[in-house]
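The values are calculated or read from the model by the stated rules, or taken from the named source; none is laboratory data. Predicted model, so just to flag it, every value in this text is computed and none were measured. A quick note on method: Cβ atoms are made from the backbone with ideal geometry, for glycine too, and the neighbour counts reach across all protein chains shown. Remember, those area values only see protein heavy atoms, side chains included, never the ligands or the DNA or RNA. Shrake-Rupley method; radii C 1.70, N 1.55, O 1.52, S 1.80 Å.
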Amino acid sequence: MSAVIARDIVKKFAEVPAVNGISLSIPDGEFMVLLGPSGCGKTTFLRIICGLEQQTSGDLMIGGAIVNELPPRARGVAMMFQSYGLYPHYTVRNNIAFPLKTQRVPREKINKQVEWASQLLGIDHLLDRRPRQLSGGERQRVALARALVREPTALLLDEPLSNLDAKLRTMARQEIKNFQQRVGLTTIYVTHDQVEAMGMGDRIAVIDHGNIRQVGTPTEIYNDPADLFVATFVGSPPMNIVTHSGGGYLGFRPENFLPKNMIEDGAATEFKFRVDRSEYLGAERIVYGVLDGFESKQIITAKLPPAHVDEKNIRPGEWHTFAVKNSELRQFDKNGNRATSH
Amino acid sequence: MAVIAEPVAKPVSRLNFLLDRRDVFEAILVAPAVIYVLLLVGLPLLLAIYYSLSAYTIYDPTWKFVGLSNFIDVVENPTFPQTLANTFIFTFGSQLLGLVIGKFGAFLLLRPFPGRKIVRALIVLPFVIPVALATIAWRWLFDSLYSVFNWTLIALHIMDRADVPNWLGTPWLAMLCVVIINAWRFFPFAIVIFLAGLTSVPQDVIDAATVDGAGFWRRNYQIILPMILPIVAIGLIFGIVFTFTDLSIVFLLTMGGPVNATSVLGFAGFQTGIISGDVSHGAAISLFMLPVLLVVVVFMLRFIRRREI
Amino acid sequence: MPRTLRKILGETSFFVGVAFFTILAAFPFYWMLITAFKQNSDLYNVTNNPFFFNEWPTLEHIKYLFRETLFARWLWNSLVIGVCVTAITIVTAVPAGYALARMKSKKGEALGIAVFLTYLVPPTLLFLPLSRIVAVLGLQNSMWSLVLVYPTFTIPFCAWLLMGFFKALPAEIEEAAIVDGCSLFGAFIKMAIPLSVPAILTVVIFTFTLTLQEFVYALTFVSSSDQKPITLGVTTDLVRGDVFFWGELMAGALIAAVPVAIAYNLFLDRFITGITGGAVKG
Ligand SMILES: Nc1ncnc2c1ncn2[C@@H]1O[C@H](COP(=O)(O)OP(=O)(O)O)[C@@H](O)[C@H]1O
Ligand SMILES: [Mg+2]
């Protein structure tokens, strides 16, 4: 069964569409990531799901019922806000208890649930503090506990890690994912960070300008991008795109773009590659350059394992013969959509 | 799932969720304030306009429509031109004086010095004390017999007791007193407004101008003044509106006298409409303030708009 | 040393300037103070130096105020009026300010500006028709007419001030409450109000001082002595016939002005921010 189903959701702000016809079905227990650049409508879509915004058109189903007309409190979803939205004048305990109190849950049940949620997130020693006495990571856990405590149909998270520093972020990513798997809660997670998306999502929906470009597992998104936008948005450095003689485009990932002698077997396509610059990053070497005979809007990059490629072998200004296995080449038509066969 | 979601409560009726619509909710929250203001500001304003076009007095409360004849009566009254002129002198004289004093005061108070807090608290007193009470104190200061100014003039042998000024009894002096008192009342407001403006000019803008070779005057008039202009304009608009329509200073200091020398529109409207009970003519006099107020309001709107772009 | 000399001169003229402004502003206040405690024989003697006490200070004017005049009654009236008007203002302006702050449409913005502009409609334009309305309601000559009319300027001003405060309050907290099961009204009561208690207190003080400062409506609507608020009572009732009793007048003015002056001074900065509304962006 699907926990959340969106059908052709459109949201316009003063005639300008922020969400432009999104259809998405999220099965029970799935961790769905909405990935897209800033301003593409992710937050707006999330706010429509929880009912803070009313869609201009389209249907929304949560837990099997159409909720278009329902206010947020009758939708049974929980949301964690970008800066957490903790209630500054309540203690942590009352913050977590709040969603239950609004539903007039009996006192003993509230206490039990608060206990459960705070232990689950390891914050039971903080219950009598106020939000301003907490660190960033602790605040995030309180916000999570509050979102969980009433056992929502779905949990919505809007860029929850953007307020943490880089070190905490990796840890928190792990924590959220672990805990979601343990509880099996349907989760919709919004981010503009592709590393987060790839690492956490069961499936990823890539959004651009209020449209879904592709929905798929991280592997599908990475290996079989549906169009040029997805191909170049996901991956770092992004997929190389060159114009094809037939009027379409050819794409290949930098890590598949290797000196010809490194490609052991199978059919491959060769390119003349002029090296302009290279960067040594420890675990790999990134080489920038241009191709002979192919047009491209960006600089072509190659990602080489440094053990295999010594700096002596790749110098700026030199021409080399590089190749891509044919199985790793992706073809796109004139409009940038994935050509079906390759 | 380790936890099972309880079924969502289904709505009993749509009416239940009417209050959950933001527009309905917001309309309900603003309604009391808007209704209060409509009933006791909007309605009276319309009534004032109607009275001015009718023959209504408290002795003969008819609603007879008489067109513009009240306005014609008012304009033909020989004292009216003077009242109108007094109102403008009172308003612009005192605002100009207040602004000039205020600007200097603001430059003095900009710099930190020991005791600045206390000095500021004392300097804002004129704006803070109820104007009626301050006016009474000024009336005592200008007393015909015991005026402290006259005592000082005599004590310093500048004048003789026989020819000291009768401040409130001489027409032009009385007008001057009214202007001075209002300027005195508003200059602290001007100081505070200037200070708010000056402290909001980022120091790096001033530094950049200095580095670019702008001297003191250029910095002042080409960089700082344009930046604080909006804030000063809003302060000035306030001053103009509340001075142009004020009647308490004149009422408590001179009663419009001597011989109408200090009568202003607000006071004349009060005298005719309330003291004499001639509501329709009183309303007509008061409505002469409306065009000026409208001009001010248009300016105000432009400033608010510009701020929000 | 011309350098140090110039510096000393500069410093001196600076403090002379500060002194000048302070005296200019506070002198009438000093005058109230000294007059209120002078004996009549000291006051009404043209040969005495009026700047100082020539005879012993006295409390007779203040005693007289409380024993022989309705002064205590006026203080009480002002208190009652202030409390009632403040209550009406808070009950209407807090929700209005909140709604205006949270309205997203252009219409909401226009409404906010319109509300503020009504604050600029002066009493002098309204007192004639309002005096008729007050008469129709049977409130003429009663302080309750002032309770009815004062909110016409306190509500717009306070709604505007509060709108600014609520705009500065992050909407995220209320939205979290709404998703957590509150109604819109619940989020307003449980989140927005507790989080803006300081702002609401400021508005309470302001409303109170605005009612104490008002003069024109009081003058127009109330003429019986026992219904007058303090400012009106002091300025119109302490004059018998044509005779001004300056000692009592100044004592009364002083007592009425001191609390207003203190309260206002404490909140002056918020007042200025309120009316300039961030006309200059920082
Ligand atoms: N309340 C609003 N009023 C007008 N435009 C809005 C509003 N909220 C969002 N938008 C616009 O909608 C687009 C999508 O915004 P958002 O959903 O916040 O993007 P994201 O979360 O993906 O960064 C943006 O162009 C933004 O300017
Ligand atoms: Mg966003």
Rel. contact order, % - alpha carbon contacts under 8 angstrom, at least six apart, chain A = 17 percent
ask   = Which whole-number percentage describes the relative contact order of chain B, with Cα contacts under 8 Å and a sequence gap of 6 or more?
value = 26 percent
note = Scaled by the rule-of-thumb 2.2 N^0.38 Å, the alpha carbon Rg for chain B gives a ratio of 1.38
key: Cα-based Kirkwood hydrodynamic radius, the range B:177-233, one decimal, Å   = 12.6 Å
inquiry  = I'd like to check one number: the per residue accessible area of the range A:237-341, probe 1.4 Å, reported in Å² as a whole number.
reply    = 55 Å²
Across A:Lys11/A:Lys297; A:Lys12/A:Lys101; A:Lys272/A:Lys334, pairs whose alpha-carbon gap is larger than 31 Å = A:Lys11/A:Lys297; A:Lys12/A:Lys101
request  = Hydropathy first: keep DSSP H helices in chain B averaging at least -1.0 on Kyte-Doolittle, then drop any whose Cα extent along the axis falls short of 20 Å, and list what survives.
outcome  = B:22-37, B:94-110, B:171-200, B:225-244, B:290-308
ask   = Most mobile of A:Val190, A:Val16, A:Val287 per a Gaussian network model of chain A (Cα springs, under 10 Å)?
value = A:Val16
task = Could you pull out every whole DSSP H run in chain C that spans at least 30 Å of Cα extent along its own axis and averages -1.0 or higher on the Kyte-Doolittle scale?
result = C:2-36, C:71-102, C:246-276
GNM flexibility winner over chain C from C:Thr154, C:Thr207, C:Thr47 (Cα, springs under 10 Å) = C:Thr47
remark   = From DSSP H assignment alone, runs of 4+ in the protein assembly as shown each adding -39500 (n - 2.57), the sum over residues rounded to the nearest 500 puts [θ] at 222 nm at -16000 deg cm²/dmol
Average beta-carbon neighbours from other chains, 10 Å sphere, peptide C:205-217 = 3
note = One would report the Cα pair-distance distribution of the range B:62-136, bin width 10 Å, in %, as 14, 26, 23, 17, 12, 7, 1
query = Taking the Cα centre of the range C:61-279 as the origin and placing charges on Cβ (Lys, Arg +1; Asp, Glu -1), which of C:Leu266, C:Leu111, C:Leu249 is farthest toward the positive end of the dipole?
reply = C:Leu111
Rg/Rh (Cα only; Kirkwood hydrodynamic radius) as it applies to the range B:80-262 = 1.06
query = With each pseudo-label sitting 7 Å past Cα toward Cβ, what's the A:Lys334-B:Ala155 distance in nm, one decimal?
reply = 10.0 nm
key: Percent carbon-and-sulfur accessible area, the range A:237-341, ignoring ligands, DNA and RNA, probe 1.4 Å   = 47 percent
query = How much space per residue, in cubic angstrom, does the convex hull of the C-alpha atoms of the range C:133-215 take up?
reply = 111 Å³
ask   = So what is the relative contact order for the range C:3-58, in percent, with contacts set as C-alpha pairs under 8 Å and at least six apart?
value = 27 percent
message = Which one, A:Asn178, A:Gln140, A:Ser118, is farthest towards the positive end of the dipole of the range A:111-230 when Lys and Arg carry +1 and Asp and Glu -1 on their Cβ?
response = A:Ser118
key: Cβ-placed point charges (K, R +1; D, E -1), dipole of chain B about Cα centre in debye, nearest 20   = 840 debye
remark   = To the nearest 10 degrees, the tilt of helix A:136-148 (Cα long axis) against the first principal axis of the alpha carbons of chain A is 60 degrees
query = Ordered by residue, what ³J(HN,Hα) values in Hz, to whole numbers, does the range A:56-70 give under the Karplus form 6.51 cos²θ - 1.76 cosθ + 1.60, where θ = phi - 60° and Gly and Pro are x?
reply = 5, 8, x, 10, 10, 10, 10, x, x, 10, 6, 10, 3, 9, 7
message = Using a Förster radius of 35 Å, what is the FRET efficiency between A:Thr56 and C:Ile193 based on their Cβ-Cβ separation? Nearest 0.05, please.
response = 0.65
key: Rg/Rh (Cα only; Kirkwood hydrodynamic radius) as it applies to chain A   = 1.06
request  = Could you pull out the chymotrypsin sites (Phe, Trp or Tyr not before Pro) across the range B:25-120 that fall in loop regions by DSSP (anything but H, G, I, E, B) with no more than 16 other Cβ atoms inside 10 Å?
outcome  = B:Tyr59, B:Trp63
task = Out of all DSSP beta bridges with both ends in the protein assembly as shown, state the antiparallel percent to the nearest 5.
result = 75 percent
message = If the only charges are +1 at each Lys and Arg Cβ and -1 at each Asp and Glu Cβ, what is the size of the charge dipole of the range A:4-228 around the Cα centre, to the nearest 20 debye?
response = 1080 debye
query = Of B:Lys103/C:Lys107; A:Lys167/C:Lys190; A:Lys42/A:Lys177, which ones are farther than 26 Å apart at the Cα?
reply = B:Lys103/C:Lys107; A:Lys167/C:Lys190
query = If you count the DSSP beta bridges with both ends in the range A:4-228, what percent of them are antiparallel, to the nearest 5?
reply = 55 percent
request  = Ignore the peptide's own chain and count Cβ atoms of other chains within 10 Å of each Cβ in A:144-152; give me the average, rounded.
outcome  = 3
message = Using only the Cα atoms of the range A:122-200, what semi-axes does the equivalent ellipsoid have when each is the square root of 5 times a gyration tensor eigenvalue? Give whole Å, largest first.
response = 20, 17, 11
query = Hey, if you put +1 on the Cβ of every Lys and Arg and -1 on every Asp and Glu Cβ in the protein assembly as shown, which of B:Leu153, A:Gly289, B:Trp217 ends up farthest toward the positive end of that dipole?
reply = A:Gly289
inquiry  = What does the buried accessible surface come to for C and B, summed over both chains, with the probe at 1.4 Å? Round to 100 Å².
reply    = 8900 Å²
task = Using only the Cα atoms of the range B:145-187, construct the convex hull and provide its projected area averaged over every direction, in square nanometres to one decimal.
result = 3.5 nm²
message = Considering just Cα atoms, how many Å³ per residue does the convex hull of the range A:58-217 enclose?
response = 134 Å³
message = Using 0.36 nm times the number of residues separating B:Leu173 and B:Ile89, minus their current alpha carbon distance, what extension gain do you get?
response = 28.9 nm
task = Using only Cα atoms, tell me the angle between helix A:166-183 and the longest principal axis of chain A; keep it within 0 to 90° and round to the nearest 10.
result = 60 degrees
ask   = If the cut-off is a Cα-Cα distance under 22 Å, which lysines reach C:Lys38, setting aside same-chain residues fewer than 8 apart in sequence?
value = C:Lys63
query = Is the shape of the range C:1-147 rounded, prolate or oblate, going by the alpha carbon gyration tensor and its root eigenvalues a ≥ b ≥ c, with a/c under 1.5 for rounded and a/b larger than b/c for prolate?
reply = oblate
query = At a 1.4 Å probe radius, carbon and sulfur cover how many percent of the accessible area of the range B:19-135?
reply = 78 percent
request  = With the cut-off at 26 Å, report for the range C:61-279 the share of all Cα pairs above it, as a whole percent.
outcome  = 44 percent
query = Tilt of helix A:107-120 relative to the longest C-alpha principal axis of chain A, in degrees (0 to 90, nearest 10)?
reply = 30 degrees
ask   = Are there trypsin sites (Lys or Arg not before Pro) in the range A:60-109 that DSSP puts in a loop and that have at most 10 other Cβ atoms within 10 Å, and which ones?
value = A:Arg104
Residues B:Thr62 and B:Arg219, FRET efficiency given R0 of 60 Å [Cβ-Cβ distance, rounded to 0.05] = 0.40
inquiry  = Before I look further, what does the range C:61-279 give for accessible area per residue, probe 1.4 Å, in whole square angstrom?
reply    = 33 Å²
message = Roughly how far apart, in whole Å, are the Cα centres of the range A:41-56 and the range A:73-145?
response = 23 Å
task = Compute for chains A and B the buried accessible surface, both sides summed, probe 1.4 Å, and express it in Å² to the nearest 100.
result = 1200 Å²
key: Of B:Val100, B:Val131, B:Val119, the one that fluctuates the most in a GNM where chain B has Cα springs shorter than 10 Å   = B:Val119
request  = Just give the residues from the range C:75-94 buried by at least 30 square angstrom of accessible area in the all-chains context relative to the isolated chain, probe 1.4 Å, and say none if nothing qualifies.
outcome  = C:Thr92
note = Partner shielding of C:182-195, as the mean number of partner chain Cβ atoms within 10 Å, equals 4
ask   = Debye sum, Cα scatterers, the range B:105-198, no solvent: what log₁₀ I/I(0) at q = 0.16, 0.19, 0.22, 0.26 1/Å?
value = -0.80, -0.94, -1.04, -1.22
Mean accessible surface per residue for chain B, computed with a 1.4 Å probe while every protein chain stays in place, in Å² = 47 Å²
request  = Could you quote the convex hull projected area for the protein assembly as shown, Cα atoms only and averaged over all directions, in nm²?
outcome  = 55.7 nm²
ask   = If packing is taken as the mean number of other Cβ atoms within 10 Å per residue, what is the order of C:7-16, A:53-62, highest first?
value = A:53-62, C:7-16
ask   = Charges only on Cβ, +1 for Lys and Arg, -1 for Asp and Glu: so what's the dipole of the protein assembly as shown about the Cα centre, in debye to the nearest 20?
value = 680 debye
